[in-house]
Structure formats: structure tokens, C-alpha cells
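S.K.: Sharing a structure, written as C-alpha cells. Questions coming.
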Amino acid sequence: MKKRSTPLPFLWIILLALALAGSSQSGTARGEPAAPEAPSSLPAFSGSITAKMDGEVHTLPLEEYLIGVVAAEMPASFEQEALKAQAVAARTYLLSRMSHRSGSHPDADVCTDPACCTAWSGQDAQKARWGTDYEANRAKLCRAVSETAGVYLVWQGEPIQAVFHAASAGQTAASGELWNALPYLISVPSPETAADVPNYVSTVAVPAEDFRQTILQAAPQADLSGDASGWLGMQTLTESGRVDTLTIGGVCLSGQTLRTLFSLRSAMFTLEYAGGDFRFTVSGYGHGVGMSQYGANVMARQGADYAAILAHYFPGASLEDVSRKNMEQVASATSLSSSS
């Protein structure tokens, strides 16, 4: 999920038009019925969104599409308030993408590639994954979306970059550690522990020769001659404790580069050489910026509602309501018309 920014008036014009038109533009994804099979009360004001799926563009009601995003991005077994926090974060992201499309899919607002936009799960996939729990899980997600209908996060009047990840390792990362620094994406404590997150700590062992070849692909100038025990040099950490840089063979590589090269679950890792292998010990899962999903679930289990969860992970951002904003736009336009 990457950062986008577009002047808000243009976004409100689009949303206002959608609100007045209702959801008559509703389309269907491949193999999907036009309406959810489980009970739901999806708001009509949110209009529709275009999504690229398997190379084809489909049009769906935005809030219905949002259910598929939440289904793909967060376990349905999570606490209801965590699911609601996820719904708001994902809705915020979708609104941002609707106003500024990616160059990789200029013919659609979003795509279903999580490396570009967000993951998405249709009802066929949900049924296959959930089996006999499909109806109950679908109802939970519909409720999370409908009970937060139209709510999204703003900073100085604009939708924020409401990014999220699976699990932090005690502390989220500030956006400046990876991307541009944003005032609402700072490093904050996150409460999840190994007791809450499957594979919270993971290990990756790489034989010395494989390690050498992989490093040389990214840094051919690295000096990886001699005994492998002497290849590792100085390491620096970010504010959140993730690896910022690590010198290998005399070349400084970023923690994110190493995470990509060796398919690590996060950049919160230690690296040591022993017994012919380089061993990464990794904590957490994901880029670490924004809302930790497992952290949100712990907070919800401890009694926090979705607003408190979002306030914790996006400090300084505030909640806005698309429907209320639309009503204000209509009232303003009516007032101007009456006074002219």
C-alpha cells in the first residue's frame, strides 16, 4: 500500500455524484452474485468502485468490495472491533485510490494484487476457505463494514495513507523508515506477543555459498572472499528496532533489501554465522508501518473499540463520515442556490 495524495474537492465531487446516484452502477466480479448471500445492510451512498481482477475490470458497490478486502486481509476469527478498525483503514485506502489511480492499472481504481493495492477475496474463495463457517464469518464481516459505513480517516481534511501490516514486534515502524515521513505514521508500541501471533518468531537458515551468491546479485562489489565468519560488519537499527543497514563484505545494505533478498517476514531480525550457515532470526510479520492487525486484535480483546485502535496506530488522524460530508455538500449547494 503506497502513498497517494489528491486535492480533496475533486474526491468529494465524485462521492457526491455517487451518493445522489445510489448504487445503481453495481456490477459483479467473476463468479459472484450481485448481492451478499449472508445478511447485510450495505449503504447505498458509497457508490461503486472499479477493480482489476485477473486482467479484467469489474465494477462493484464500494462497500461490498470492502467486505472482500477485509476477508482477505484479516482473519474472520478476530474480534469484531478489530474487524471494524480494518474496515475503516481499508475504506480509507480505497477512497485514496479512487482519487489517484496507480499507473499499473489506469483503467481501474484498484487491483487485487496486494503488492500494489490490497488483497481481495470473493465469495467463492471465502466459501472454500471457511467451509461450514462461511455464513457466520460472512455475517461478521458484513457487520464490521455496515457498522462503520462511510467512516474513514483524515489528516488536515484529506484521506490518510492508512497502511497496515500483520504483526509488529513490540513497536511499529515510522513511515520515514521506509517511505516519506508522515505525522500520523510514527512509531508506537504494539501489544501483540508470541502468544498472540502464529510464527511470531521465525528463522531462515542460508548455506554460506547460497548466501554469498545472493548478496553478490544485489551487491556485486561486495568482497566475500575468505572465511564466511568475517563477511558480516557493522549494523545500524531504526528507531523502532528494525535493521536499518548491515555491512556485508564491505558493502552497506539496507534491512529492507535483505528482507527482500532472503524472503524474511520482516526487517526486525538478527543475523549470525554458525556451522556453515547464515541464520536470520526474525520477529513480527510485514513492513511494520501503521496498524498492526494482530495488535489491533489484542487491543480489541482488552476492550478497545475501533476508534481507540485507530487513534493508537494513526495518532493525530481523525474519523470522518462520507455520508455526513455528502449531506454538508448538498446543504451548501442548496443554500447557495437559494441565496442567488
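The values are calculated or read from the model by the stated rules, or taken from the named source; none is laboratory data. As the structure is a computational prediction, the values presented were derived from the model and not from experiment. Because the Cβ atoms are built from the backbone with ideal geometry, glycine has one as well, and the counts that use them run over all protein chains shown. Ligands, DNA and RNA are excluded from the accessible area calculation, which covers all protein heavy atoms including side chains. Shrake-Rupley method; radii C 1.70, N 1.55, O 1.52, S 1.80 Å.
S.K.: Looking at region 229-245 only, could you name the residues that are assigned to a strand (DSSP E or B) and within 15 Å of ALA267 (Cβ to Cβ)?
M.R.: Selection gives GLN235, THR236, LEU237, VAL243, ASP244, THR245.
S.K.: Evaluate the following for GLY226: is it without any contact (Cβ under 8 Å) to a residue 12 or more places away in the chain, out of contact with any Phe, Trp or Tyr (no Cβ under 8 Å at 6 or more places or on another chain) and either among the aliphatic types (A, V, I, L, M) or in a loop (DSSP other than H, G, I, E, B) (or both)?
M.R.: Against the criterion (without any contact (Cβ under 8 Å) to a residue 12 or more places away in the chain, out of contact with any Phe, Trp or Tyr (no Cβ under 8 Å at 6 or more places or on another chain) and either among the aliphatic types (A, V, I, L, M) or in a loop (DSSP other than H, G, I, E, B) (or both)), GLY226 qualifies.
S.K.: Here is a further query. Only residues that are out of contact with any Asp or Glu (no Cβ under 9 Å at 6 or more places or on another chain), of a type in the set (Gly, Ala, Ser) and surrounded by fewer than 16 Cβ atoms within 10 Å (Cβ to Cβ): list them for region 226-272, please.
M.R.: GLY226, SER229, GLY230, GLY233, SER263
S.K.: For region 139-149, indicate whether the set of residues that are farther than 15 Å from VAL69 by Cα and of a type in the set (Val, Ile, Thr) is non-empty.
M.R.: Within region 139-149, none of the residues are farther than 15 Å from VAL69 by Cα and of a type in the set (Val, Ile, Thr).
S.K.: A follow-up question, please. All but one of (1) surrounded by fewer than 20 Cβ atoms within 10 Å (Cβ to Cβ); (2) at pLDDT 95 or above; (3) in a helix (DSSP H, G or I) hold for MET327; state the number of the condition that does not hold.
M.R.: (2)
S.K.: Kindly check whether there is at least one residue in region 266-284 that is of a type in the set (S, T, N, Q), assigned to a loop (DSSP other than H, G, I, E, B) and touching a helix residue (DSSP H, G or I) at 6+ places or on another chain (Cβ under 6 Å).
M.R.: Within region 266-284, none of the residues are of a type in the set (S, T, N, Q), assigned to a loop (DSSP other than H, G, I, E, B) and touching a helix residue (DSSP H, G or I) at 6+ places or on another chain (Cβ under 6 Å).
S.K.: Name the single residue, out of those in region 190-221 being of a type in the set (A, V, I, L, M) and open to solvent by less than 30 Å² (accessible area, probe 1.4 Å), that is nearest to PRO114 (Cα to Cα).
M.R.: Here the residue is VAL197.
S.K.: Name the residue, out of ALA304, ALA300, ALA296, that is part of a loop (DSSP other than H, G, I, E, B) and either open to solvent by less than 30 Å² (accessible area, probe 1.4 Å) or of a type in the set (A, V, I, L, M) (or both).
M.R.: ALA304
S.K.: Now for a separate question. Got a sec? Which of THR236, THR245 is more than 25 Å from the chain's Cα centre (by Cα) and at negative phi?
M.R.: THR236
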